[in-house]
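The structure under discussion appears below in the form of structure tokens.
The values are calculated or read from the model by the stated rules, or taken from the named source; none is laboratory data. This structure is a prediction, so every number in the text was calculated from the model and none was measured. Positions of Cβ are backbone-derived with ideal geometry, glycine not excepted, and every protein chain shown enters the neighbour counts. When the accessible area is computed, the model is the full protein with side chains, heavy atoms only, and any ligands, DNA or RNA have been set aside. Shrake-Rupley method; radii C 1.70, N 1.55, O 1.52, S 1.80 Å.
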Amino acid sequence: MSSAVKESFREEWFDPDFWGGQAVLITQGGRGAAWFVEGSFGEAVLRHFCRGGLPGRFIRRSYVFTSVDAVRSFAEFRLLNQLLDEGLPVPEPIAAGYRLHGPLFYSASLIIRRIPGAKPISEYVDASSGEIWQAAGACVRRFHNASVNHADLNCMNILVADQIYLIDFDRGRIMPEQAGDGWKESNISRLERSTKKCLGQLDDKLREQFWQRFMKGYRED
């Protein structure tokens, strides 16, 4: 089953083998389950939804099926369109699909528009990168001001191109007004841990400088 923005949709799009040598595995992030592809819709990213952590070692791609509306790729497809409508910098969704495996389980896939020239923020670690980290902080603040909870905010999901983008909104959602600010603090703490991991090759002082520039941008309204 699928949801797509174009009438020319083909279910085979979700299979990297369909694209042959044109499907280029993304080695940074993505848990080895994302590919650059190019079709009639232009350049895009095909992503298979995969579990991380300990559960992912045993049940990599299967999720419990409860309803079509709850399918993770459909939920992200809807959220991305909503965020685009609000003017937030996210990739455009092209198609979302799922496949049932018996009555209880399903696997999910999503195709999004590729952001030209985008690189993860973890690649910006030279002396001139402070402004980029500050801009990233301001970008995350925009999402938080719009009550957007990114469930996996890390350095690989902050991309730098013509502007700062956030990607990978699996399990992301719009928070209710009564939710408080705890989820925002959790987002920032998760990103800080990711920064220490992804920039582990840097001197502690330099890594802290980048983080402080990020927080400066985040705190400035």
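Number of residues in segment 175-199 that are within 17 Å of Val125 (Cβ to Cβ) and open to solvent by less than 50 Å² (accessible area, probe 1.4 Å) equals 5.
For every residue, the table says whether it meets (1) assigned to a loop (DSSP other than H, G, I, E, B); (2) touching a residue at least 24 places away in the same chain (Cβ under 8 Å); (3) among the hydrophobic types (A, V, I, L, M, F, W, C); (4) over 24 Å from Arg72 (Cα atoms).
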residue	(1), (2), (3), (4)
Pro91	yes, yes, no, no
Pro103	yes, yes, no, no
Ala127	yes, no, yes, yes
Met156	no, yes, yes, no
Arg171	yes, yes, no, no
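Only one of the numbered conditions (1) at pLDDT below 95; (2) within 30 Å of Val24 (Cα to Cα) is not met by Gln178, and that is (2).
So if I check each of Gly97, Gly130, which one is open to solvent by less than 20 Å² (accessible area, probe 1.4 Å) and in contact with a strand residue (DSSP E or B) (Cβ under 8 Å, 6 or more places away or on another chain)? Give the derivation first.
Numbers: Gly130 fails: in contact with a strand residue (DSSP E or B) (Cβ under 8 Å, 6 or more places away or on another chain).
Going through Gly97, Gly130 in turn, just one is open to solvent by less than 20 Å² (accessible area, probe 1.4 Å) and in contact with a strand residue (DSSP E or B) (Cβ under 8 Å, 6 or more places away or on another chain): Gly97.
Close Cβ contacts (under 7 Å, 6 or more residues apart or on different chains) running from residues in segment 58-76 that are in a loop (DSSP other than H, G, I, E, B) to residues that are of a type in the set (D, E, K, R) and modelled with pLDDT under 95 comprise Ile59/Arg51; Arg60/Arg51. In the set (1) in a loop (DSSP other than H, G, I, E, B); (2) modelled with pLDDT under 95, Lys205 fails one condition alone, (1).
Apart from one condition, Ile112 fits all of (1) over 20 Å from the mean Cα position of the chain (by Cα); (2) among the β-branched types (Val, Ile, Thr); (3) outside any loop (DSSP other than H, G, I, E, B); the exception is (1).
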